[in-house]
1. Using C-alpha positions alone, give me the convex hull volume of segment 255-311 per residue in cubic angstrom.
2. Quick one: which residues, 5 or more positions from residue 245 or on another chain, have an amide H under 5 Å from its amide H? H modelled 1.01 Å from N in the peptide plane, none for Pro or chain starts.
3. Which value results for Rg/Rh of segment 161-335 when Rg is the Cα radius of gyration and Rh the Kirkwood radius based on the inverse mean 1/r?
4. With the convex hull built on the Cα atoms of segment 34-74, state its orientation-averaged projected area in nm².
5. Put a dot 7 Å past each Cα toward the Cβ at residue 167 and residue 239; how far apart are the dots in nm?
6. For a footprinting-style exposure proxy, rank 238, 310, 262 by other Cβ within 10 Å, fewest first.
7. Name the shape class, rounded, prolate or oblate, that the alpha-carbon gyration tensor gives for segment 68-127, where a ≥ b ≥ c are the square roots of its eigenvalues, rounded holds for a/c under 1.5, and otherwise prolate holds if a/b is larger than b/c and oblate otherwise.
Amino acid sequence: MLNKIKSSIVKFIIDKRLIKKNIVKWYTSRKLEKKIFKPGILNSDKQFYVINRDRGGLFSVFFYVLDHLKYVEKKKYIPIVDIENFSSFNSEIETVNGTRNTWLYYFTQVSKFKLSEVYKSKNFSFSANNDILAENERNKYFEKETNFKEYYQVFKKYFEIQPHILDLANEFYLSQIKGYKVLGIHWRGSDYYYSPGHAFPATKKQITNLIDFYLKKENFEKIFVVTEDEKKLKILKKKYGNKILFYDSFRTDNPNDFLIQKRPLHKYKLGLESLIEVIIFSRLSKIVGINSNIVNAAMVLSNNKTKFIKIKNGWNSQKFFWSSYKWYLLNFLPSFLGGFDDLKNFKE
């Protein structure tokens, strides 16, 4: 046990240094010369609100935009999303599908106006690049199921998923899932074991015990798995065989591989594959996993029709030192001493 904790601390320090180095490269690869936006003379009767984001993965951006759209509704502003003059996790150097606006890789614009017109207009302001709801606040917010529906209404009012992405999700759904009773599993891993301030990942026993419970109780025929961790997919394929379904998304055992250009348009494809998985999740009757933007986004897209079975392992420490081994310690301890419950006696 002590050796495992020591090795995890060393791994955390090495990974953290590499990740920090790669994140800087990742975000600065498309860093444009800082622009100064001066008011123009157009649309003097309108107030525009530019939602911009200089960091964050796809679903961090997704909820960031939704939160700011709710703010826009209160202020009666006209919104527009700009991740063309700014740069998020999925921003590529070159154009994707004819656009440099990362938001438009995946979604339609939130109003009929174009950025070129907005920046020639008399009245526009920017979002502060800060979350209106911090992640832990949003997780508390989502404890109320009705709030998924509130986000759904904002989503339906302002934007849509790009049609070609819906086509890809539909193609998989029709060929692999339709006609079967399918359980969704989100098994997060890799850097989540030691990342400060993140939800603790599920253990192998928790995942397999819950799968076994629902296979028996509700007679699920297939299991659709979403995981970025190659080892976890192999574990489930070995145990459940041809019951396992998965989208051919990028997986690895090394979290740094997500920050290195492993293939052409790697950044864009990471978001694309994740969005397709979320769309598929949103069409299932039940998902099992920890609290995450992936599952929360699926709940929004389903208008809260998908049932989420949440594994509540708690949250890792915000402190660098404690976070590096806390999951391993809790996984080792029996539940009566504060360790994770293996959910063997789970009751819904």
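1. It is 79 Å³ per residue.
2. The answer is 223, 224, 225.
3. 0.96
4. 4.1 nm²
5. Here the modelled spin labels are 3.8 nm apart.
6. 238, 262, 310
7. On the way: a/c = 2.10, a/b = 1.67, b/c = 1.26.
Cα axes put segment 68-127 in the prolate bin.
Every read-out reported here was derived from the displayed coordinates using simple, explicitly stated rules and does not represent laboratory data. Since the model is a prediction, treat every value here as computed from it, not as a measurement. Please note: Cβ atoms are built from the backbone with ideal geometry, for glycine as well, and neighbour counts cover all protein chains shown.
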